[in-house]
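The values are calculated or read from the model by the stated rules, or taken from the named source; none is laboratory data. Because the structure is predicted, anything quoted here is derived from the model rather than measured. Cβ placement follows ideal geometry from the backbone for every residue including glycine, while neighbour counts extend to all protein chains displayed.
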Amino acid sequence: MTFTPLVHWAQRHEEIFLRMELTDAQNIDVQVQDNVLQFRAQGYGAKGLHEYEFSLEFLCPVKPQVRHKSTQRQVNLTVQKERRGWWERLTLQERRPVFLTPDFDRWLDESDAEMEILEKDEKRSRLRTARLKGEGFISLKTAFLFMYNLVQFLGFSWIFVNMTVRLFIFGRDSLYDTFHTMSDMMFFCQILASVEVLNAAFGVVRTALIPTFIQ
C-alpha cells in the first residue's frame, strides 16, 4: 500500500519550496525527470512508520537539480525555476492534489515577494557600500601607518648615522655639541613618537592606550 505525506508548498520568483511532514526521514530519494518531481522516503508520517512517496508535475519548467534538507520533524526541498516568474499554481493539472497545501509559514503573494526581493537587493547594496568604504578606510590607514613608520625610521636613522660619523671624526669632543647639532631632528622624532598615543586613542592601531602613553 502506498502512503503519501502531507506536502506544504510556497514559491518565490526563482524558487519553489516544498515541506513534507515526515519525522526521522531516511533513505530519501528525490528526482526530477521530464519536469516531474518524484519523492520517496521512509519515516513517521500521518499513517505511522512507512515508506511515503508522491509525484508532482510542475506547471512550468524547472531545473533538474533539487536541494533537500532533512530535520527531525520534516523534509525540505528547494526547486529552482527554469525561468524567473510567478506561477498561478504549482502543478500542471488544475485540480490541486489532496495531499498538497499552501505553506503559510513561507507563503507570500506576488507583490510581497517583489518587496522581499527589493529589500534583499537594498541590503546587498548597503553591505557592498559599507564594504567598499571599509576597504577604502583600511587602505588609507595602511598608507598612513606606512608613511608614519617610514618617516620615524628615517628620522632616527639620520640621528644614529650622524652621531656615529661625528664620533669617528671628532672623537669625544663630539659629545659636547651633538645634542645642539641634532636637537631639531630629535624634537621632530619625539613629536612623531607622541603621535602613537593619538593612534591608539582613535583606534588607528589596536593597542592599549595606557601602556602606549607610558612608553
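Scan the stretch 44-81 for residues that are under 11 Å from V32 (Cβ atoms) and within 27 Å of the chain's Cα centre (by Cα) and jot them down. Don't jump to the end; show me each part of the working.
First, the residues of the stretch 44-81 that are under 11 Å from V32 (Cβ atoms): 55-58, 61-66, 77, 79-80.
K63, Q65, V66, L77, V79, Q80, listed by residue number.
From the list R84, R12, R106, which residue is touching a residue at least 60 places away in the same chain (Cβ under 8 Å) and surrounded by 15 or more Cβ atoms within 10 Å (Cβ to Cβ)?
On the way: R84 fails: surrounded by 15 or more Cβ atoms within 10 Å (Cβ to Cβ); R106 fails: surrounded by 15 or more Cβ atoms within 10 Å (Cβ to Cβ).
Exactly one of R84, R12, R106 is touching a residue at least 60 places away in the same chain (Cβ under 8 Å) and surrounded by 15 or more Cβ atoms within 10 Å (Cβ to Cβ), namely R12.
Could you please tell me which pairs satisfy a Cβ distance under 7 Å, a separation of 6+ or placement on different chains, a first residue in the stretch 43-69 that is free of Cβ contacts under 8 Å to residues at least 60 places away in the same chain, and a second residue that is among the basic types (K, R) and in a strand (DSSP E or B)?
Taking only residues 6 or more apart or on different chains, the pairs are E51/R40; E53/R40; C60/K81; V62/K81.
Mind telling me which of the residues N27, N35 ends up being assigned by TED's automatic domain parsing to the domain that holds F99, surrounded by 15 or more Cβ atoms within 10 Å (Cβ to Cβ) and polar (S, T, N, Q)?
Values: N27 fails: surrounded by 15 or more Cβ atoms within 10 Å (Cβ to Cβ).
From the options N27, N35, the qualifying one is N35.
Of all residues in the stretch 64-99, which are charged (D, E, K, R) and assigned to a loop (DSSP other than H, G, I, E, B)? Steps first, please.
Step one: filter the stretch 64-99 for residues charged (D, E, K, R), giving 67, 69, 73, 81-84, 88-89, 94-96.
Correct list: R73, E82, R83, R84, E88, R89, E94, R95, R96.
Which condition does L127 not pass, out of (1) at pLDDT 80 or above; (2) hydrophobic (A, V, I, L, M, F, W, C); (3) farther than 30 Å from L6 by Cα; (4) within 27 Å of the chain's Cα centre (by Cα), if it passes all the others?
(1)
Would you check if L59 is surrounded by 15 or more Cβ atoms within 10 Å (Cβ to Cβ) and either of a type in the set (A, V, I, L, M, F, W, C) or at pLDDT 95 or above (or both)? Don't jump to the end; show me each part of the working.
Details: surrounded by 15 or more Cβ atoms within 10 Å (Cβ to Cβ): yes; either of a type in the set (A, V, I, L, M, F, W, C) or at pLDDT 95 or above (or both): yes.
Spelling it out, L59 is indeed surrounded by 15 or more Cβ atoms within 10 Å (Cβ to Cβ) and either of a type in the set (A, V, I, L, M, F, W, C) or at pLDDT 95 or above (or both).
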